[in-house]
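To start, the structure itself, in structure tokens.
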Amino acid sequence: MALFSSLLSHNLGYNSFKPCLRTKRGNNDDAVAILNNDKKILHFSRLTKLGAKQAIAITLQEVAEVMFTSTRHCRTLLNELRDLGWLEWTPKAGRNQRSRLYLVYTLDELKAELAQQMIAVGKYEKALAFIDHDQQLFGQLLQNTSGAVQREGRLHIQLTYGRSFAALLPHIALRNSERFLLRQVYCCLVQCDKDGIITPQLAHHWVYNAELQRWRFYLRPALTFHDGSAINAEKIAELFNRLKQLATYQTELAHVSHITAINPLCIDFQLDQPDPGFAGLLADVKYSIQPCFQLQLQPHPNSNPNSNPNSQFNTANAIVGSGAFRVQEHTQQYLRLQAYDNYYSHRALTDTVTIWQVSSPQTDLPCTTEIQANVVQKTSQIRSNYATNSLEQENRSLKQENSSLERDIDSLERKTRSDEQVIESAQKSRIEYGCLLAMVNSKAELSLLQRKYLSQLLAADKLMAELKLSANPIEAIPAYNLLSSWLKVISIGTTQQPLASKLTIAIFEHHTLKECAQAMVALLKQVGINCQVNVYAFEEFVQKASTNSLSEDLILISLDLDDNLPTSVFHWMLSNSILNQSLSAEASTWLQTKLINIRQQQPLTNYLTELESISTAMITEHWMIPMLHHRQTLYFQGVLKGVSINVWGWPDIQDVWSEELINI
């Protein structure tokens, strides 16, 4: 069985949170029974006065007095508590003979164990009340019970995550994990892969008339939103006409002159310039199909879900999507998704996904997903990547013994190689599409030589060397361009240039950005430059960029790219508010001209090649300084089926299943 305890590492592109997938199996009959065990718990609490986890020599009469009951009833209670596994009772025959009593749990431990069993069967409210609303303990129990279970033939996944999620609305700026969740809750007209290949979603067919500069999309019949209302051409045309009016969409849709419904299943997009890759534009998460009324839902620009519980979640009940999962409930404490039975494609194998917000010391470990398997409850968890090390140590130890053990060593080596093959198949790793980078703010008014000198002081290899000194090492590789597969841009040495004695750095709340900012502070201090780091809430950071009011000299961001890689990079260059705020008016005009030429002349499959040269030029001009690419890793032990790591560093929750799940 599986379990994703998700303290995940994705934040606008990489989180400081680490998701964990573990596996537990076991019969849960006791979990149901304990819901009505209040009297037994009361009697057990009285016994704890005698001491727990130590052998107690005591007569039955003395136990009865402690429990305030008769000896006959006391004997019955002791047998029942023993059968529940709460204590050990070894009676001795004869009057005044001292029997052996051993309490397996303290009272707090027992309550935690019973609450954990309640959580395992979805009795969250009862579990929380049972432990007197101890939120810290509740969070620990949620992590312990996270995973996949089957109830009444349906697969349920429970995860924990290190922060609350923002409202899942496609038309607002969102961080990396929310963008992953958008893909679960919504569909687009079409989808685009990393190579620029378009495939159907809500639209089963599409046609581009180059002569008329017109795109038409043909919808599948009988499509519905999660509230049961119909998805038709008229509603989609209205949606896109409304999107055109939003500031964050105007640049991308400026060349769309008319959007109309030809009939209930056909939408017509009339353009005023060529765009052979327009379908790829509509595959982006921000063009997810949603009801028009949701465009009115906007979180407050300065809202922080960790400090203002009502700011992000007052719209949760109104969220209506079109994808494989619907939002069943979204509060500051948890997000619950449920498979949508009328999804146009194959129904998700997972019935519900509940993600609880649980802070943890381990949330400092970014971009790692662990799927750990406990074959039997209460066994220690085994991380597959540790197994090789232990076998190698055992192997070395054997080799130091005499030659009579050679056959044993050969056998162990074969086992080691076999184990390594298992480990390789149980671990998936990838370098993320995007990167962390520093934008040199045009408001700093640095010359080309000054920008070049600053870029060399903060070069990726120097930054990575500094980051290795951190108490929380980051799994990453140096970035020399926006994508790791693109041309590696390395600056040649230049003479020292005068820079201000103090520089300012802007970041948003993001673990790795903080680490990078501190590394930059250390590097610049070596040349006599002091730094001030200003940390903003993500929403405030985006809002300040959109109003061109980020005044810091350096702006650190995470470039988050989605599964529609070519258009995701294109969108970022064309309309990202932080990039636009950083560039001078002249640089911005140059960039816009280049991008529009690509859009007019190139098919989607050529986008990345063309965009690589633009990215290289911007780095050569030292408008931006690439820092690092995260390594995203997913560990599991073969218990789960269909587990793969996606571009956001999450497991694909729609397709998770296990042949070893047991009904509880």
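Report yes if Lys244 is crowded, with 18+ Cβ neighbours inside 10 Å and charged (D, E, K, R), otherwise no. No; evaluated as a whole, the condition is false for this residue.
Scanning the range 59-84 for residues that are aliphatic (A, V, I, L, M) and closer than 20 Å to Arg95 by Cβ yields Leu60, Val63, Ala64, Val66, Met67, Leu78.
Could you check, for the range 475-488, whether at least one of its residues is assigned by TED's automatic domain parsing to the domain that holds Met439, free of Cβ contacts under 8 Å to residues at least 12 places away in the same chain and either aromatic (Phe, Trp, Tyr) or under 30 Å from Asn564 (Cβ atoms) (or both)? So far as the range 475-488 goes, yes, one or more of its residues are assigned by TED's automatic domain parsing to the domain that holds Met439, free of Cβ contacts under 8 Å to residues at least 12 places away in the same chain and either aromatic (Phe, Trp, Tyr) or under 30 Å from Asn564 (Cβ atoms) (or both). Within the range 549-566, residues that are of a type in the set (Val, Ile, Thr) sit with their Cβ atoms under 7 Å from residues that are outside any strand (DSSP E or B), at 6+ positions apart or across chains, in these pairs: Ile555/Asn441; Ile555/Ile578; Ile555/Ser582; Ile557/Ile578.
Residues that are farther than 15 Å from Tyr287 by Cα and without any contact (Cβ under 8 Å) to a residue 12 or more places away in the chain within the range 230-253 comprise just one, Ala230.
State the number of residues belonging to the range 136-155 that are surrounded by fewer than 20 Cβ atoms within 10 Å (Cβ to Cβ) and either at pLDDT 75 or above or in a helix (DSSP H, G or I) (or both). Spell out how you get there, then give the answer.
In the first step, residues of the range 136-155 are kept if they are surrounded by fewer than 20 Cβ atoms within 10 Å (Cβ to Cβ); the result is 136-137, 139-140, 144, 150-154.
Filter once more, keeping what is either at pLDDT 75 or above or in a helix (DSSP H, G or I) (or both): 136-137, 139-140, 144, 154.
Going through the range 136-155 one residue at a time, the tally reaches 6.
Does Ile555 count as in contact with a strand residue (DSSP E or B) (Cβ under 8 Å, 6 or more places away or on another chain), crowded, with 22+ Cβ neighbours inside 10 Å, at pLDDT 95 or above and more than 23 Å from Lys286 (Cβ to Cβ)? For Ile555, the condition - in contact with a strand residue (DSSP E or B) (Cβ under 8 Å, 6 or more places away or on another chain), crowded, with 22+ Cβ neighbours inside 10 Å, at pLDDT 95 or above and more than 23 Å from Lys286 (Cβ to Cβ) - is not met. Has the range 424-437 got any residue that is surrounded by fewer than 22 Cβ atoms within 10 Å (Cβ to Cβ), modelled with pLDDT under 95, acidic (Asp, Glu) and not in a strand (DSSP E or B)? Within the range 424-437 (the criterion being surrounded by fewer than 22 Cβ atoms within 10 Å (Cβ to Cβ), modelled with pLDDT under 95, acidic (Asp, Glu) and not in a strand (DSSP E or B)), the answer is yes, since at least one residue qualifies.
Per-residue answers, yes or no, for (1) outside any strand (DSSP E or B); (2) more than 29 Å from Leu503 (Cβ to Cβ); (3) among the acidic types (Asp, Glu):
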{"site": "Thr589", "(1), (2), (3)": "yes, no, no"}
{"site": "Ile596", "(1), (2), (3)": "yes, yes, no"}
{"site": "Gln600", "(1), (2), (3)": "yes, yes, no"}
{"site": "Tyr607", "(1), (2), (3)": "yes, yes, no"}
{"site": "Glu612", "(1), (2), (3)": "yes, yes, yes"}
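Scan the range 459-474 for residues that are in a loop (DSSP other than H, G, I, E, B) and either modelled with pLDDT of 95 or more or surrounded by fewer than 18 Cβ atoms within 10 Å (Cβ to Cβ) (or both) and jot them down. Answer for the range 459-474, where residues must be in a loop (DSSP other than H, G, I, E, B) and either modelled with pLDDT of 95 or more or surrounded by fewer than 18 Cβ atoms within 10 Å (Cβ to Cβ) (or both): Lys468, Leu469, Ser470, Ala471, Asn472, Pro473. When Leu591 is tested against (1) buried (at least 18 other Cβ atoms within 10 Å of the Cβ); (2) more than 20 Å from Leu448 (Cα to Cα), just one condition goes unmet, and that condition is (2). Residues that are outside any strand (DSSP E or B) and modelled with pLDDT of 75 or more: does the range 636-646 have at least one? Yes: one or more hits. Residues that are exposed (fewer than 13 other Cβ atoms within 10 Å of the Cβ) and either assigned to a strand (DSSP E or B) or of a type outside the set (D, E, K, R) (or both) within the range 88-111 comprise Thr90, Ala93, Gly94, Asn96, Gln97, listed in sequence order. Residues in the range 163-175 that are surrounded by fewer than 24 Cβ atoms within 10 Å (Cβ to Cβ) and in contact with a strand residue (DSSP E or B) (Cβ under 7 Å, 6 or more places away or on another chain): Arg163, Ser164, Phe165. The residue list Ile596, Ile492 contains one member that is outside the structural domain of Leu168 (by TED's automatic domain parsing) and more than 23 Å from Ala479 (Cβ to Cβ), which is Ile596.
Looking at the range 564-581 only, could you name the residues that are part of a helix (DSSP H, G or I), of a type in the set (S, T, N, Q) and buried (at least 23 other Cβ atoms within 10 Å of the Cβ)?
Initial filter on the range 564-581 (part of a helix (DSSP H, G or I)): 565-575, 577-581.
Adding the requirement that they be of a type in the set (S, T, N, Q) leaves 567-568, 575, 577, 580-581.
Thr567, Ser568, listed by residue number.
Filtering the range 490-499 for residues that are touching a residue at least 24 places away in the same chain (Cβ under 8 Å), crowded, with 20+ Cβ neighbours inside 10 Å and not polar (S, T, N, Q) leaves an empty set.
Would you be able to say whether some residue in the range 66-85 is modelled with pLDDT of 85 or more and assigned to a strand (DSSP E or B)? Looking through the range 66-85, none of the residues is modelled with pLDDT of 85 or more and assigned to a strand (DSSP E or B).
The values are calculated or read from the model by the stated rules, or taken from the named source; none is laboratory data. As the structure is a computational prediction, the values presented were derived from the model and not from experiment. Every residue, glycine as well, gets a Cβ built from its backbone with ideal geometry; the counts of neighbours run over all protein chains shown.
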